[in-house]
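Note sheet for the following structure.
The values are calculated or read from the model by the stated rules, or taken from the named source; none is laboratory data. What you see is a predicted model; the values in this text were computed from it and never measured. In this analysis, Cβ positions are derived from the backbone assuming ideal geometry, glycine residues included, and neighbour counts consider all displayed protein chains. Side chains included, ligands, DNA and RNA excluded: accessible areas come from the protein's heavy atoms. Shrake-Rupley method; radii C 1.70, N 1.55, O 1.52, S 1.80 Å.
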Amino acid sequence: MPAPTPLIAGNWKMNGLVASLDEARGVAAGLSGVTARVALCPPATLVERMSRALAGTAVLVGGQDCDARESGAYTGDVAAEMLFDAGATMVILGHSERRAGHGETDAVVADKVRAALRAGLEPIVCVGETLDERRAGQALAIVTEQVRGSLPPELAGHAFSVAYEPVWAIGTGLTPTIAEIEEVHQAIRTALMGAFGGEGGGVPILYGGSVKPTNAAEILHAAEVGGALVGGASLKAADFLGIIRAA
Ligand code: PGA
C-alpha cells in the first residue's frame with residue numbers, strides 16, 4: 001500500500017486572537033512546492049475568521065474538540081455541526097489535555113468521533129501514554145487500548161488520522177527516541193489493521209509532542225510516521241513552515 005500523504009496539523013490550543021491570523025496567512029503564503037496536507041486548528045472563536053482568511057489556500061482549518069451532541073441546552077459546548085458551519089473540515093479529538101483535564105474516556109472520544117463523521121469533519125484522534133505508564137512498560141498496551149476504544153467501527157470508509165502524543169512529551173521539549181516512536185507507531189498500525197483491515201494500512205499516524213523545525217526531519221522520516229501534530233511551534237508561521245518543509 002502506498003504511504004498516505006503526510007498531514008502536518010497545528011494545534012493552537014487556547015492561544016490566538018484576531019491579530020494572530022497574520023501567522024496563518026504567513027503559513028499559507030509559504031506553501032509553494034509543499035506536497036503534505038497542512039491544517040491549522042485555532043480556538044473555536046477563530047475557526048470562522050481563519051476559514052475566511054485562508055479561503056482559496058491549501059491550508060485546512062480544524063477545531064480542537066467538539067461535543068458529541070448536535071444541539072441543545074449544553075451551555076458553553078460546541079457541536080461538530082457548528083465547527084463545520086464555521087468552515088472547519090477537521091477536528092482534533094481525544095487530546096490528552098481533554099482526556100486529563102476534562103475526564104474524556106475512550107468511550108467519550110469515540111462518541112465525539114461519531115459526531116465528527118455525522119457533521120462531515122475529518123477526525124484526528126489522539127492517543128498517548130503518561131510518563132508513569134511508559135516507565136511501567138505499559139506504553140504499547142495503553143496506546144493500543146486507546147486506539148481500540150477511541151476509534152468506532154463507523155470510521156471505516158472515512159478519512160481520518162491517529163496522532164501519537166506521549167503525554168510527557170507535550171510542551172516539555174522532551175521527545176521519545178526515534179526507535180521508541182517507531183515502536184509505538186508500529187503498534188498503532190497493527191491495531192488499525194486489526195480494526196479496519198487493509199484500510200487501516202492507509203491511515204496516517206501522526207507524531208505529536210515537542211516537534212520543532214530542528215527535530216522535524218528526523219521524526220517525519222521515521223518508519224510509520226505519517227505527519228505531525230504540532231502545538232507550540234505552530235503558533236509562528238516561520239517555525240511551522242520549517243516543520244512543514246521537513247516532511
Ligand atoms: P507541543 O504540543 O508541540 O507544544 O508539544 C503538541 C500537542 O499537544 O498537540
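Points worth noting:
- Test result for Pro152, out of contact with any Phe, Trp or Tyr (no Cβ under 9 Å at 6 or more places or on another chain), of a type outside the set (Asp, Glu) and at negative phi: yes
- Among the residues of segment 217-247, those identified as touching a strand residue (DSSP E or B) at 6+ places or on another chain (Cβ under 7 Å) and in a loop (DSSP other than H, G, I, E, B) are Glu224, Val225, Gly226, Gly231, Ala247.
- Residue ID - most open to solvent (accessible area, probe 1.4 Å), chosen from residues in segment 206-224 that are closer than 19 Å to Val143 by Cα and within 14 Å of the ligand (Cβ to nearest atom): Ser210
- Odd one out for Leu46 among (1) within 16 Å of the ligand (Cβ to nearest atom); (2) surrounded by 14 or more Cβ atoms within 10 Å (Cβ to Cβ): (1)
- Selection count where residues are under 22 Å from Asn215 (Cα atoms), touching a residue at least 40 places away in the same chain (Cβ under 8 Å) and open to solvent by 20 Å² or more (accessible area, probe 1.4 Å), scope segment 181-202: 2
- Boolean, Thr190 is among the β-branched types (Val, Ile, Thr) and not in a helix (DSSP H, G or I): no
- First in segment 221-247 and at positive phi, second anywhere and more than 10 Å from the ligand (Cβ to nearest atom) and assigned to a loop (DSSP other than H, G, I, E, B), Cβ under 8 Å, 6 or more apart: Gly227/Pro6; Gly227/Ala36; Gly227/Pro204; Gly227/Ala247
- A residue that is surrounded by fewer than 21 Cβ atoms within 10 Å (Cβ to Cβ), more than 15 Å from the ligand (Cβ to nearest atom) and under 16 Å from the mean Cα position of the chain (by Cα) occurs nowhere in segment 225-247.
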